[in-house]
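Colleague: One structure, pasted below without further comment.
The values are calculated or read from the model by the stated rules, or taken from the named source; none is laboratory data. Given the structure is predicted, the values throughout are model-derived calculations rather than measurements. Methodologically, a virtual Cβ is constructed for each residue, glycine included, from the backbone with ideal geometry; neighbour enumeration extends over all protein chains shown. Just the protein is used for accessible areas: all its heavy atoms, side chains included, with ligands, DNA and RNA removed. Shrake-Rupley method; radii C 1.70, N 1.55, O 1.52, S 1.80 Å.
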Amino acid sequence: SPITAEEILELDAYCRARHIDLVPNQNSFGHMHRWFEHESYKHMAEMETDFIAPWGSVLPPFSLSPAVPETIPFLSELFTELLPNFTSTMFNVGADETFDLGQGRSKAMVAQQGKGRVYLDFVRKIYELVKAHGLTMQFWGDIINQYPDLVPEIPKDTVALEWGYEADHDFPGKTKLFADSGVPFYVCPGTSSWNTIAGRTDNCTGNIRNAVENGLKHGAIGVLNTDWGDNGHWQTLSVSYLGFAYGAALSWAAAPNTEIDLPAVLDAFAFHDEAHVMGRLAYDLGNVYQKPGFAPPNSSLLFNVYQMSDEILRGLAVSVDALRDTISTIDTIIAVLDQAKMAGPDADLIAREFANAAQLLRHGAKRALFMLDEASLLRADDMIADLDAIETEYRALWLVRNRPGGLDDSADRLKRARELYRAAK
């Protein structure tokens, strides 16, 4: 569902009238895999074949190659088409997670110059394109901060975006690195909602608090609170309200808001619930990720179990008792949903979103039990019927707030999850 130039202009005007700076973003180094699905762009890829990511997953061709001369003219064309539709003076060029750099076409360059140097030189070429448009370049700092000696060479009229999504991310060290090098930077925590279904409340608040405290300490010029949609974007918008609210509170006034009563704030400003139910419900459902006893980084077990094998699950030593306790906890939290008295225009939608999130979480725990040979208590046909109902509601909810683009890709992950039950019949 591409956004047309006319739609961007309309959105930009809407934001500007409300004092919101709509910053364009165009990946310009890594995360170019959608382009490389087309043969006409694949010659610019660092690698034209799949490769192994640092965490062991197989990724398709991913990054533009600094060794291919056509990459800069290609980016120049993209920028020239995109940027006139925005009035912002900022431009986020991405440049994060260049996992395959040095493994393919730039291998000789990296061997001769070093990976950090090759990376920085290419980013500086992107910077020159941005400057030609009279804009300030924002870029993610996760690659260059691995090469501390090169950080001082970053142009001082850029903005580095120091991101990290765990509560214990090294914001102290990374922010000091940019500050000591004289590079303006934002701290970039997140809502912790992606890869989770219902969020990770404690991690979210700890992550945002860590980012803001160290941003203040080392002179960050802003906070960019992120909300991603990895692996299907199974979280709905309302699940991220908690992270949005806490991020807004701390980025505007950290000291008085660090210990803010977040459920009460959500009831007052996000859910408009005079019964004071939804804020606590969202807060507690967002902490269910801890109940199975295994809390992977940047995700939750109850999300991952839909997309992992039973061999991997068994290796995590998750107990049957913990999973049963998880189901009981979910049931207790969601039982009060009908007591909420939300007044906003999307009140009914929010209730449906949280009800389906609870169903997804509950099914995830039951699925884990099924994979741990508890199938005698869980019939495959019942599991299929449960997942069918979840997917039907999931599709309906998606289309209320979002364009259809991405829906089939997301829901296909639920379809693949059915194969486990069909194989057991």
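Colleague: For a quick check of your reading of the model, give me the residue pairs whose first member lies in the range 359-388 and is closer than 21 Å to residue 290 by Cβ and open to solvent by less than 30 Å² (accessible area, probe 1.4 Å), whose second is among the hydroxyl-bearing types (Ser, Thr, Tyr) and at pLDDT 95 or above, with beta-carbon atoms closer than 6 Å and at least 6 apart or on different chains.
Modeller: 365/326
Residue-by-condition table, conditions (1) among the acidic types (Asp, Glu); (2) touching a Phe, Trp or Tyr at 6+ places or on another chain (Cβ under 9 Å):
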site	(1), (2)
341	no, no
348	yes, no
361	no, yes
395	no, no
408	yes, no
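Colleague: Another question, if that's okay. Taking interchain pairs and intrachain pairs at least six residues apart, which have beta carbon atoms under 8 angstrom, with the first residue in the range 394-407 and closer than 13 Å to residue 237 by Cα and open to solvent by 70 Å² or more (accessible area, probe 1.4 Å) and the second modelled with pLDDT of 95 or more and not basic (Lys, Arg)?
Modeller: Sorted first by the residue in the range 394-407, then by its partner, the pairs are 399/407; 400/349; 401/236; 401/237; 401/349.
Colleague: Quick one: which helices (runs of 4 or more DSSP H) sit completely within the range 60-137 and have at least 3 residues that are buried (at least 17 other Cβ atoms within 10 Å of the Cβ) and of a type outside the set (D, E, K, R)? Before you say what the answer is, go through the steps one by one.
Modeller: Details: elements: 71-82, 107-113, 115-132.
Here the list reads 71-82, 115-132.
Colleague: If you check 256, 155, 263, which single one turns out to be in a loop (DSSP other than H, G, I, E, B) and at pLDDT 95 or above? Steps first, please.
Modeller: Working: 256 fails: in a loop (DSSP other than H, G, I, E, B); 263 fails: in a loop (DSSP other than H, G, I, E, B).
After ruling out the rest, the residue left standing is 155.
Colleague: Among the residues of the range 386-393, are any part of a helix (DSSP H, G or I) and over 26 Å from residue 237 (Cα atoms)?
Modeller: Here is the first cut: in the range 386-393, the residues part of a helix (DSSP H, G or I) are 386-393.
Next cut, over 26 Å from residue 237 (Cα atoms) only: none.
There is no residue in the range 386-393 that is part of a helix (DSSP H, G or I) and over 26 Å from residue 237 (Cα atoms).
Colleague: Also, I was wondering about something else. Which one is least open to solvent (accessible area, probe 1.4 Å) among residues in the range 17-45 that are within 14 Å of residue 87 (Cα to Cα) and in contact with a strand residue (DSSP E or B) (Cβ under 8 Å, 6 or more places away or on another chain)? Reasoning before the result, please.
Modeller: Within the range 17-45, the subset within 14 Å of residue 87 (Cα to Cα) is 17-25.
If we keep only those that are in contact with a strand residue (DSSP E or B) (Cβ under 8 Å, 6 or more places away or on another chain) as well, we get 21, 23-25.
Numbers: 21: 88, 23: 51, 24: 3, 25: 86 Å².
If we take residues in the range 17-45 being within 14 Å of residue 87 (Cα to Cα) and in contact with a strand residue (DSSP E or B) (Cβ under 8 Å, 6 or more places away or on another chain), then 24 is least open to solvent (accessible area, probe 1.4 Å).
Colleague: Quick one: residue 211 ticks every box in (1) open to solvent by 20 Å² or more (accessible area, probe 1.4 Å); (2) more than 27 Å from residue 330 (Cβ to Cβ); (3) among the aliphatic types (A, V, I, L, M) bar one, so which box is it?
Modeller: Evaluating residue 211 over (1) open to solvent by 20 Å² or more (accessible area, probe 1.4 Å); (2) more than 27 Å from residue 330 (Cβ to Cβ); (3) among the aliphatic types (A, V, I, L, M) leaves (1) as the failure.
Colleague: Out of curiosity, is residue 98 polar (S, T, N, Q), farther than 26 Å from residue 60 by Cβ and modelled with pLDDT of 95 or more? Can you show your working first?
Modeller: Details: polar (S, T, N, Q): yes; farther than 26 Å from residue 60 by Cβ: no; modelled with pLDDT of 95 or more: yes.
In short, no.
Colleague: I'd like the full set of residues that are of a type in the set (Val, Ile, Thr) and either within 18 Å of residue 165 (Cα to Cα) or open to solvent by 60 Å² or more (accessible area, probe 1.4 Å) (or both), limited to the range 227-257. Can you show your working first?
Modeller: Taking the range 227-257 and keeping what is of a type in the set (Val, Ile, Thr), we get 236, 239.
Scanning the range 227-257 gives a single hit, 239.
Colleague: Confirm whether residue 356 is closer than 19 Å to residue 283 by Cα and not basic (Lys, Arg).
Modeller: On the way: closer than 19 Å to residue 283 by Cα: yes; not basic (Lys, Arg): yes.
Spelling it out, residue 356 is indeed closer than 19 Å to residue 283 by Cα and not basic (Lys, Arg).
Colleague: Could you look through the range 315-339, keep only residues that are touching a helix residue (DSSP H, G or I) at 6+ places or on another chain (Cβ under 7 Å) and not hydrophobic (A, V, I, L, M, F, W, C), and pick out the one that is surrounded by the most Cβ atoms within 10 Å (Cβ to Cβ)? Reasoning before the result, please.
Modeller: Within the range 315-339, the first condition is being touching a helix residue (DSSP H, G or I) at 6+ places or on another chain (Cβ under 7 Å), and the residues that meet it are 318, 320, 323, 326-327, 329-330, 333-334, 336-337.
Within this subset, residues satisfying the condition of being not hydrophobic (A, V, I, L, M, F, W, C) are 326, 329.
Values: 326: 26, 329: 19.
Among those that are touching a helix residue (DSSP H, G or I) at 6+ places or on another chain (Cβ under 7 Å) and not hydrophobic (A, V, I, L, M, F, W, C), it is 326.
Colleague: Exposed (fewer than 12 other Cβ atoms within 10 Å of the Cβ), at pLDDT below 95 and farther than 26 Å from residue 413 by Cβ - does that describe any residue in the range 340-353? Full working, then the answer.
Modeller: Restricting attention to the range 340-353, the residues satisfying the condition of being exposed (fewer than 12 other Cβ atoms within 10 Å of the Cβ) are 343, 345, 348.
Still in the running and at pLDDT below 95: 345.
Next, only the ones that are farther than 26 Å from residue 413 by Cβ stay: 345.
Yes, because at least one residue in the range 340-353 is exposed (fewer than 12 other Cβ atoms within 10 Å of the Cβ), at pLDDT below 95 and farther than 26 Å from residue 413 by Cβ.
Colleague: Would you mind stating whether residue 211 is in contact with a Phe, Trp or Tyr (Cβ under 7 Å, 6 or more places away or on another chain) and in a loop (DSSP other than H, G, I, E, B)? It would help to see each step written out before you state the result.
Modeller: Values: in contact with a Phe, Trp or Tyr (Cβ under 7 Å, 6 or more places away or on another chain): yes; in a loop (DSSP other than H, G, I, E, B): no.
No.
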